[in-house]
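Enquirer: Have a look at this one before I ask anything.
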Amino acid sequence: MKQIIKGGRVIDPANHFDEIADVLIEDGKIAKIAKSIKDKDADEIDAIGKIVTPGLIDMHVHFREPGQEAKEDFRTGGNAAAAGGFTTVASMPNTKPVVDNAALIRSLQERANQVSKVHIELIGALTKGQEGKELAEVGDMALSGAVAFSDDGHYVKSAKMLLNGLDYLRAFDKVIINHDEESSLVEEGMMNEGHRSAMLGVKGRPTVAEDIAVARDIMLAEYADARVHVAHISSANAVDIVRQAKKRGVKVTAEVTPHHLTMTDECVDLRDSDTKVNPPLRSQKDVDAMCAGLKDGTIDMIATDHSPHAEEEKDQEYGLAPSGFPGLETAVGVLITDLVKTGKIEMPLLIEKMTAAPARIFNLKGGSLSVGAPADVTVIDPDLEWTVDESEFYTIGTHSPFAGRELVGRAVLTMVDGKIVMRDGKVID
Amino acid sequence: MEKNAISMRGKHVLGLEYFSPEEIQLVLSTAKEMKTIIHRDIKKVPTLRGKSIVTVFYEPSTRTRTSFETAGKYLGADVVNITAGTSSIVKGESLRDTLLTVEAMGFDAIVMRHKQEGAAEYATKVVNHPVIINAGDGAHAHPSQGLLNLFTLLEHKGHLEGLKVAVLGDILHSRVARSDIWGMRKMGIELHFAGPKTLLPRFLSEEPGIVIHDRIEDAIKDADAIEVLRIQLERQKAGLFPSNREYARIFGINNERLALAKDDVLILHPGPMNKGLEISPYVAYGNHSAIQEQVQNGVAVRMALLTLVLTGGKQA
């Protein structure tokens with residue numbers, strides 16, 4: 001079976017390609033990219049006025065399997081990813097039970113392959129039960145396909161434990177992803193510590209908690225000559241700490257979320273838990289630093305931290321509701337509207353941060369439109385105007401802080417291994 | 001009662017950030033009339049006859065709950081109390097369902113206290129008919145306490161504009177302090193804060209119209225009134241200050257420190273007091289203290305609030 005995606009602006013950052021071109025797909029692989037491809041046997045997909053990119057990658061999602069399927073599962077999460085234009089996602093292991101052994105990795109991978117429209121990679125826990133006390137069987141998990149390791153949701157309190165992980169995993173060339181908020185400084189905190197939290201009387205999570213955690217991780221990675229990846233960076237000072245470390249040659253990488261790039265703690269309204277997230281929405285100064293970090297390469301990539309919860313959990317008093325909200329289906333629209341259309345960053349850079357960069361850091365198959373690569377492709381209409389309507393979400397999660405927003409730009413087609421899994425916002429069964 | 005230019009009928013009482021100076025003024029003038037009822041031999045007027053009020057308290061309280069209940073009863077309303085320990089809340093019923101349950105019973109006002117900041121705001125999303133009256137939500141707001149502080153100051157000083165008020169102690173955990181910030185500033189009062197640095201919110205200094213002092217003496221100097229906040233004893237265990245003894249010595253209000261303020265300084269305390277810790281008994285029961293009056297004024301202010309939000313203020 002052959003398909004041609006015709007007439008789109010093909011942006012393939014991994015190959016430094018950005019031109020109007022046709023993309024020929026054959027047997028689930030990229031077969032050819034050229035100015036004009038004619039093939040009578042091929043199905044044509046019109047992409048005039050649209051952007052054709054490698055399938056988007058999100059290395060930070062919570063698909064909640066096993067144990068928390070009321071929040072999300074591999075099927076609903078996979079559909080949400082497809083709807084948002086993502087072809088590969090990596091699911092975090094803070095589930096019930098925690099994904100901390102190879103048997104779970106193997107069985108979950110099998111289930112993900114059965115029910116998900118997109119590729120689901122699995123991130124294993126760094127420590128048993130994510131308790132930070134004993135190293136999980138990370139080598140065994142790595143050999144069984146775990147893509148990276150993380151105690152995400154928890155800070156690895158013990159410096160020695162993290163150092164052991166960094167040392168041990170060097171032999172497996174796997175990255176540790178750290179949720180960097182020093183625990184004692186964020187206890188009971190439910191929003192950014194700042195003027196707004198002071199006036200609301202709400203306990204804060206200060207940026208310094210993130211700064212010292214990022215600094216510690218960098219010092220340990222430098223000491224061990226190992227790789228560490230900072231999850232959802234959000235503090236201006238932390239960005240600067242990463243910037244300085246990169247200059248020294250430390251093997252540190254960092255990701256930022258769409259919400260930390262676009263929203264501040266001024267958005268917090270205690271009537272609705274839709275702005276409750278860890279790390280919290282920060283100040284404008286921090287938001288500006290995220291954008292600057294993304295531009296100058298300090299921040300390598302974008303990840304959504306898609307964290308759906310059940311409606312009855314989020315529909316509670318602000319302090320009682322769990323942190324996190326869905327992000328897969330709003331990411332492209334939010335980033336194009338608030339970053340590209342405002343002139344803050346260029347479209348090719350945005351695409352790079354969502355394709356080539358995560359593929360490079362985590363050594364994934366996707367992330368490029370190289371000939372012979374799996375045909376994971378996303379078509380984005382950069383001018384499509386739409387309104388975020390939670391009732392149309394494929395994710396189980398609700399309480400998106402972007403609900404009701406009028407956005408410009410949306411993925412209109414998602415292709416995984418040559419198969420169209422989403423078209424015009426509808427996931428195809 | 002005069003016909004009011006502004007009506008507060010149906011207004012949720014969530015925090016003084018949502019009150020205009022005119023609305024605050026209206027509450028204070030209405031409370032003045034209400035206070036006369038408390039002094040009558042027969043303390044019952046028909047203003048809220050046929051109205052029903054429920055108090056839903058998720059935290060312990062003596063004066064606030066009793067004050068609202070008394071206020072409602074003096075005005076002829078039916079008042080029912082729900083407390084966390086003796087209701088379905090112990091069975092794990094959510095706030096949403098508790099609110100929907102009392103709404104279904106037809107209550108016109110829900111007076112609620114909750115340990116979560118924003119719980120009252122959340123409640124306004126849940127119910128349609130009843131007005132929500134916030135009787136304290138975590139460290140966020142305690143609007144009726146803010147109003148009774150203003151009422152007490154007005155009674156004693158005759159005016160509010162230009163007064164200097166010192167608020168001392170645990171600002172970090174105090175919903176009263178935050179209601180003072182909104183309410184007092186709107187009425188032209190100059191606010192001075194002091195307490196252990198560990199009990200002051202770090203970014204409060206960014207808020208305009210507030211002066212924060214390192215030393216408690218500097219805040220007290222020439223004050224027209226001093227509000228002493230309660231120290232929550234568990235704070236000491238959390239390492240926020242070294243000992244009760246040290247707190248009393250450095251931050252406690254005693255007669256010696258009182259002398260730094262104006263001669264006619266008024267002492268306020270939202271209660272309950274830790275005598276010998278944040279306030280010496282000589283100050284608490286001395287000539288300058290308005291602490292007992294505050295309790296009575298609390299009933300008057302709550303009568304005013306209930307009248308204004310349930311009837312708009314027109315005589316029944």
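Enquirer: In Å, what Rg and Dmax follow from the Cα atoms of region A:152-254?
Expert: That works out to 14.4, 50 Å for Rg and Dmax.
Enquirer: When only C-alpha pairs under 8 Å and at least 6 residues apart count, what is the relative contact order of region B:143-294, in percent?
Expert: The normalised contact order for region B:143-294 reaches 24 percent.
Enquirer: Go ahead and estimate [θ] at 222 nm for chain A from helices alone: -39,500 (n - 2.57) per DSSP H run with n ≥ 4, summed, over the residue count, rounded to 500. Present the calculation step by step, with values, prior to reporting the outcome.
Expert: On the way: 14 runs with 125 residues, N = 429.
Computed ellipticity for chain A at 222 nm equals -8000 deg cm²/dmol.
Enquirer: Carbon-plus-sulfur fraction of the accessible area of region A:55-361, 1.4 Å probe, in percent?
Expert: 49 percent
Enquirer: Quote the relative contact order of chain B in percent (integer), defining contacts as alpha-carbon pairs under 8 Å separated by 6+ residues. Please report the intermediate quantities before stating the final value.
Expert: On the way: 615 pairs, mean separation 72.3, N = 316.
Taking the mean separation of contacting Cα pairs over the length of chain B, I get 23 percent.
Enquirer: Then there is this: Please express the Cα-Cα pair-distance distribution P(r) of region B:143-294 as a list of whole percents, one per 5 Å bin, running from 0 to the bin with the greatest distance.
Expert: Calculated over all Cα pairs of region B:143-294, the distribution is 2, 10, 22, 25, 22, 13, 5, 1, 0 percent.
Enquirer: Also: Tell me the angle of helix B:63-74 to the major Cα principal axis of chain B, expressed in degrees between 0 and 90 and rounded to the nearest ten.
Expert: Long axis of B:63-74 versus the principal axis of chain B: about 40 degrees.
Enquirer: I would also like to ask the following. Compute the Kirkwood hydrodynamic radius of region A:229-274, taking the inverse of the mean of 1/r over all pairs of distinct Cα atoms, and give it in Å to one decimal.
Expert: For region A:229-274, the Kirkwood estimate is 12.2 Å.
Enquirer: Build a GNM of chain A with springs between Cα atoms under 10 Å: which of A:405, A:64, A:271 gets the top mean-square fluctuation?
Expert: Its mean-square fluctuation being the largest, the pick is A:271.
Enquirer: Next question, about the same structure. Which parts of region A:269-303, residue by residue, lose 20 Å² or more of accessible area when the rest of the protein chains are there, as against the chain isolated (1.4 Å probe)?
Expert: Residues shielded by partner chains are A:270, A:271.
Enquirer: Also, quick follow-up: Please report, to two decimal places, log10 I(q)/I(0) for chain B at q = 0.10 Å⁻¹ as given by the Debye formula with identical point scatterers on the Cα atoms and no solvent.
Expert: Listed by q, the Debye log ratios stand at -0.55.
Enquirer: Once you have the alpha carbon radius of gyration of region A:76-135, what is it after dividing by 2.2 N^0.38 Å, with N set to its residue count?
Expert: Dividing the Cα radius of gyration by 2.2 N^0.38 Å gives 1.20.
Enquirer: Right, another one. How many angstrom lie between the C-alpha centres of region A:173-199 and region B:165-210?
Expert: Result: 26 Å between the Cα centres.
Enquirer: Further, regarding this structure: Between region B:1-74 and region A:1-58, how many Å separate their Cα centres?
Expert: 69 Å
Enquirer: Given a 1.4 Å probe and no ligands, DNA or RNA in the count, how much accessible surface is buried by A and B, both sides, to the nearest 100 Å²?
Expert: 1800 Å²
Enquirer: In region B:100-118, what residues drop by 40 Å² or more in accessible surface going from the chain by itself to the full protein assembly, probe 1.4 Å?
Expert: B:116, B:117
Enquirer: Just to be sure I understand: if I project the alpha-carbon convex hull of region A:22-105 onto a plane and average over all orientations, what area do I get in nm²?
Expert: In nm², the orientation-averaged hull projection of region A:22-105 is 7.8.
Enquirer: Same structure, new question: What is the Cα coordinate range of region A:285-420 on the first, second and third principal axes, sorted by size from largest, in whole angstrom?
Expert: Projected onto the principal axes, the Cα atoms of region A:285-420 cover 51, 39, 31 Å.
Enquirer: Within 10 Å of each Cβ in B:119-125, how many Cβ atoms from other chains are there, averaged over the peptide? Could the numbers behind the result be given before it?
Expert: Values: counts 7, 3, 6, 12, 2, 1, 3.
That works out to 5 on average.
Enquirer: Moving to a separate point now. For region A:55-361, state what percent of all Cα-Cα pairs lands in each successive 20 Å bin, counting from 0 Å until the bin that includes the largest distance.
Expert: Each 20 Å bin holds this share of Cα pairs: 36, 62, 3.
Enquirer: If amide H atoms are built 1.01 Å from N in the plane of the peptide, which residues on other chains or at least 5 residues away come under 5 Å of the amide H of residue A:29?
Expert: Here A:375 satisfy the definition.
Enquirer: Please work out the average accessible area per residue across the protein assembly as shown, using the 1.4 Å probe convention, and give it in Å².
Expert: Ligands and nucleic acids excluded, the result is 38 Å² per residue.
Enquirer: Let me ask another. Provide a list, ordered by number, of residues in region A:304-322 showing at least 40 Å² less accessible area with every protein chain present than when their chain is taken on its own, using a 1.4 Å probe.
Expert: Listed by number, the residues meeting the 40 Å² cut-off are A:315, A:317.
Enquirer: Between A:312, A:406, A:329, which gets the highest mean-square fluctuation from a Gaussian network model of chain A, Cα cutoff 10 Å?
Expert: Among A:312, A:406, A:329, the largest mean-square fluctuation in the Gaussian network model of chain A belongs to A:312.
Enquirer: Can you give me the C-alpha center-to-center distance between region A:361-414 and region B:236-255, rounded to a whole angstrom?
Expert: 56 Å
Enquirer: Oh, and also: Write down Rg/Rh for the protein assembly as shown, rounded to two decimals, with Rg from the C-alpha atoms and Rh from the Kirkwood relation over Cα pairs.
Expert: 1.05
Enquirer: Considering only protein heavy atoms and a 1.4 Å probe, what is the carbon-and-sulfur percentage of the accessible area of region A:365-417?
Expert: 47 percent
Enquirer: What FRET efficiency, computed as 1/(1 + (r/R0)^6) with R0 = 35 Å and r the Cβ-Cβ distance, is obtained for residue A:248 and residue B:232, rounded to the nearest 0.05?
Expert: 0.15
Enquirer: Okay, moving on. Once the Cα gyration tensor of region B:220-291 is diagonalised, what are the square roots of 5 times its eigenvalues, in whole Å and ordered largest first, as equivalent ellipsoid semi-axes?
Expert: Semi-axes, largest first: 22, 12, 10 Å.
Enquirer: So, with a 1.4 angstrom probe, what is the percent of accessible area on chain B that is carbon and sulfur?
Expert: 50 percent
Enquirer: To one decimal place, what orientation-averaged projected area in nm² is obtained for the convex hull of the Cα set of region A:1-152?
Expert: 10.4 nm²
Enquirer: Right, something else. For region A:117-203, which GluC sites (Glu not before Pro) are in a loop by DSSP, counting at most 13 other Cβ atoms within 10 Å?
Expert: Hits after loop and neighbour filter: A:134, A:187, A:188.
Enquirer: Given a 10 angstrom Cα cut-off, can you work out which residue in B:297, B:287, B:149 is the most mobile in a GNM of chain B?
Expert: Largest GNM mean-square fluctuation: B:287.
Enquirer: Residue A:99: net charge of surrounding residues, Cβ under 13 Å, Lys/Arg +1, Asp/Glu -1, itself excluded? Before the final figure, lay out each step's value.
Expert: Numbers: positive: A:64, A:96, A:106, A:111, A:128; negative: A:65, A:100, A:121, A:137, A:140, A:151, A:152.
Net charge in that neighbourhood comes out at -2.
Enquirer: Additional query: How much of the DSSP bridge set in chain A is antiparallel, in percent, rounded to the nearest 5?
Expert: Within chain A, antiparallel bridges account for around 55 percent of the total.
Enquirer: Turning to a different aspect of this structure: If one computes P(r) from the Cα atoms of region A:193-321, what percent of pairs lie at distances over 19 Å?
Expert: Summing the P(r) tail past 19 Å for region A:193-321 gives 51 percent.
The values are calculated or read from the model by the stated rules, or taken from the named source; none is laboratory data. Please read all numbers here as calculations on a predicted model, not as lab measurements. Positions of Cβ are generated from backbone atoms using ideal geometry, with glycine treated the same way; all protein chains shown enter the neighbour counts. Please note that ligands, DNA and RNA were not included when accessible areas were found on the heavy atoms of the full protein model with its side chains. Shrake-Rupley method; radii C 1.70, N 1.55, O 1.52, S 1.80 Å.
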